[in-house]
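See below for the structure under consideration.
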Amino acid sequence: MHSNKISVFEKIGYALGDGAANIAWRGVATFLFVFYTDVFGIDPAAVGILMLVARSSDGISDIAMGIVGDRTNSRYGKFRPWILWTAVPLAAILSLLFTAPNLTASGKIIYAYTTYIIFTLVYTANNIPYGALMAVMTGDDKERTTIGSYRMVGAFAGGMIVQGLLLFLVAYFGNVNPHFEVSQIKEDQYKVIVTAPEDVPNANITTGHGIATFVWECDEADEPTKSKSFTLKEKVQYTFLVQGEEDLTAESFSLINQKQGYSYSIYILSVFLALFMFVTFFSTKERIKPAASQETNLMRDFKDLITNKPWIVLLVIGLLFNIYNSIKQGIVVIYFSHYLHNQLLAGSFMVGLTLASIAGAMVTAPLARILGKRNLFIYALLFSGAVNAMLVFCGSGDVTSIFALGIISEFGAAIFPTLFFAMLGDAADYSEWKNGRRATGLIYSAGSFATKFGGGIAGAIIGFILSAFHYNGQDTTAIQGAIPGIVMLMSWVPSIITVIAAGVMMLYPLNQTKMDMITKVLQDRRIKDKSSKVNG
């Protein structure tokens, strides 16, 4: 019988795969909505419908990929080869997702639907085998929880790369060098005139320190903000009144082409995505295989699946906590851009959240040993949701409180996915123990389905609420009118989901005592199976 222990090197190699996947997934969850509305110019309600419709077929595609993975037989195993085969396609389609060609309004919708649907399909082909790989690396459920912690550290590190760096990369690659005329009116008030030699769609102007506020010179009702987003036409003068900083010169201002900045930044990150996937493929190994006597029977696999109570509960739980996390991630850039008027501060906020997530993932395994996975999941749901709801009391100047509440809430939220993917492995063990059969890929299809469809529902919720408040990411007046909806989405709206999820988690039937029994029975069976093959 092989050892159930996995080396640290292999755990790190496995973790890099989720680091790569989260460059894609967190990049999409956090930035795609704002890219579609503020940069590509699509109506928020249309974006919400797009995300919901594109995810409606995920249940079919995810189950299909689980079936394909279980039936893949290669010298690399069942699941590892898919990580290799999809590395470059996933990087390529992510790049296309953040490319904004000059199209008509209907052409933009068609392009967005096409690239988004292809992205979800390629992500499925990559992520279901990746998730299932953890369940066949070892037969020890406690060791799987440890691997899950490594995985989530990798996932959150990948998320930190894209969430922490992307806005700064956008500022770097999207930098425009227009002509600035700066004249001082008062001690800390300046008149700034901007012209550019070419059109700059979705330009964003700010000062280097991000302290000064801007108003349009010609609009007396304009509200002061720390940056302005607008379409800069070739050789047309745009005039602002700027105050709040001293000694401003032309060099104090920056103008960013967000369209170009997003595209070039994602192209760079996509290269790292593919490289990390290659490392995962070459550093991991599959050890757990279905029983030698197990025959391929698709209908039996489905029957086992729909009678697997732990799996059904986890499917619903995964859907709910992904709605919660995806709403929070999808609104954060809009919240910081239009409520706090400091978009780059969102990058620092997301780095703080990611560091809290890494800490949460690292303490999950020891806490699960003390409290049990089921109880820990319930406590984490209620804790994270309650803290997040308190953001509704924060004003636009309460930056310290916003950071503190966000980081504390994220510490609890990090426990959800860490436990979830380890518990899917437990559901696979449960099925093998109860039915004498194992369909790991099919069971792990719940993870991908919950992640993608939950994100789709979250996108629809964000789109519909912003649309109800008449949000238009390219209209300053409409943005200000939508502030109450933005604050709702950042605070108590997602927190409602955690209360529902905690109630569902009460139905989960596998406690640690039962899992210890299942693990022991399966180990004995595998020893006998191996002995029979040797003697045969």
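The values are calculated or read from the model by the stated rules, or taken from the named source; none is laboratory data. A quick note: this is a predicted structure, and the numbers were derived from the prediction, not measured. Note that each Cβ is placed from the backbone with ideal geometry, even for glycine, and that neighbours are counted across all protein chains shown.
For E220, which of the numbered conditions (1) in a loop (DSSP other than H, G, I, E, B); (2) touching a residue at least 24 places away in the same chain (Cβ under 8 Å) fails to hold?
Failing condition for E220: (2).
Condition (residue is of a type in the set (S, T, N, Q) and crowded, with 20+ Cβ neighbours inside 10 Å) applied to segment 153-168: is it met by at least one residue?
yes
Would you mind finding the one in L315, L344 that is touching a helix residue (DSSP H, G or I) at 6+ places or on another chain (Cβ under 7 Å), over 16 Å from G210 (Cβ atoms) and either at pLDDT below 95 or not in a helix (DSSP H, G or I) (or both)?
Answer to the selection: L315.
Give the residue, chosen from A203, A155, A212, A196, that is in contact with a strand residue (DSSP E or B) (Cβ under 6 Å, 6 or more places away or on another chain) and under 30 Å from N22 (Cα atoms).
A203
Residues are listed down the side, and each one gets a yes or a no for (1) touching a residue at least 60 places away in the same chain (Cβ under 8 Å); (2) assigned to a helix (DSSP H, G or I); (3) touching a His at 6+ places or on another chain (Cβ under 9 Å); (4) closer than 29 Å to F420 by Cα:
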residue: S106; (1), (2), (3), (4): no, yes, no, no
residue: I109; (1), (2), (3), (4): yes, yes, no, no
residue: T115; (1), (2), (3), (4): no, yes, no, yes
residue: L121; (1), (2), (3), (4): yes, yes, no, yes
residue: A132; (1), (2), (3), (4): yes, yes, no, yes
residue: T145; (1), (2), (3), (4): yes, yes, no, yes
residue: A155; (1), (2), (3), (4): yes, yes, no, yes
residue: G164; (1), (2), (3), (4): yes, yes, no, yes
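Could you grab the pairs with beta carbons closer than 6 Å, sequence gap of 6+ or different chains, first residue in segment 53-70 and assigned by TED's automatic domain parsing to the domain that holds T114 and at negative phi, second one part of a helix (DSSP H, G or I) and among the aromatic types (F, W, Y)?
Pairs that qualify, where the first residue is assigned by TED's automatic domain parsing to the domain that holds T114 and at negative phi and the partner is part of a helix (DSSP H, G or I) and among the aromatic types (F, W, Y), are A54/Y116; R55/F453; D58/F449; D58/F453; G59/F449; D62/F449.
This table checks each residue for (1) assigned by TED's automatic domain parsing to the domain that holds F421; (2) surrounded by fewer than 20 Cβ atoms within 10 Å (Cβ to Cβ); (3) over 15 Å from the mean Cα position of the chain (by Cα).
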| site | (1), (2), (3) |
| --- | --- |
| T451 | yes, no, no |
| A458 | yes, no, no |
| I461 | yes, no, yes |
| L466 | yes, no, yes |
| G473 | yes, no, yes |
| T477 | yes, yes, yes |
| I483 | yes, yes, yes |
| I486 | yes, no, yes |
| L489 | yes, no, yes |
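Scan segment 376-390 and tell me whether some residue there is in the same structural domain as A15 (by TED's automatic domain parsing), closer than 28 Å to D38 by Cα and among the aliphatic types (A, V, I, L, M).
The answer is yes, given that some residue of segment 376-390 is in the same structural domain as A15 (by TED's automatic domain parsing), closer than 28 Å to D38 by Cα and among the aliphatic types (A, V, I, L, M).
Return the only residue of V194, V88, V136 being touching a Phe, Trp or Tyr at 6+ places or on another chain (Cβ under 6 Å) and on the phi < 0 side of the Ramachandran plot.
That would be V194, the only listed residue that is touching a Phe, Trp or Tyr at 6+ places or on another chain (Cβ under 6 Å) and on the phi < 0 side of the Ramachandran plot.
Could you tell me whether F168 is in a strand (DSSP E or B), within 30 Å of T99 (Cβ to Cβ) and out of contact with any Lys or Arg (no Cβ under 7 Å at 6 or more places or on another chain)?
So F168 does not fit the description; no.
Listed residues E251, E234, E246; which is in a helix (DSSP H, G or I), assigned by TED's automatic domain parsing to the domain that holds K191 and out of contact with any Gly (no Cβ under 6 Å at 6 or more places or on another chain)?
Exactly one of E251, E234, E246 is in a helix (DSSP H, G or I), assigned by TED's automatic domain parsing to the domain that holds K191 and out of contact with any Gly (no Cβ under 6 Å at 6 or more places or on another chain), namely E251.
Out of curiosity, is I331 closer than 22 Å to T225 by Cβ, modelled with pLDDT of 90 or more and in the same structural domain as A422 (by TED's automatic domain parsing)?
Answer is yes for this residue.
Checking D301 against (1) surrounded by 19 or more Cβ atoms within 10 Å (Cβ to Cβ); (2) over 36 Å from the mean Cα position of the chain (by Cα), which test does it fail?
If we test D301 against (1) surrounded by 19 or more Cβ atoms within 10 Å (Cβ to Cβ); (2) over 36 Å from the mean Cα position of the chain (by Cα), just (2) comes out false.
Residues of segment 390-418 being over 20 Å from L507 (Cβ atoms) and within 20 Å of the chain's Cα centre (by Cα), which ones?
F403, L405, G406, I407, I408, S409, E410, F411, G412, A413, A414, T418
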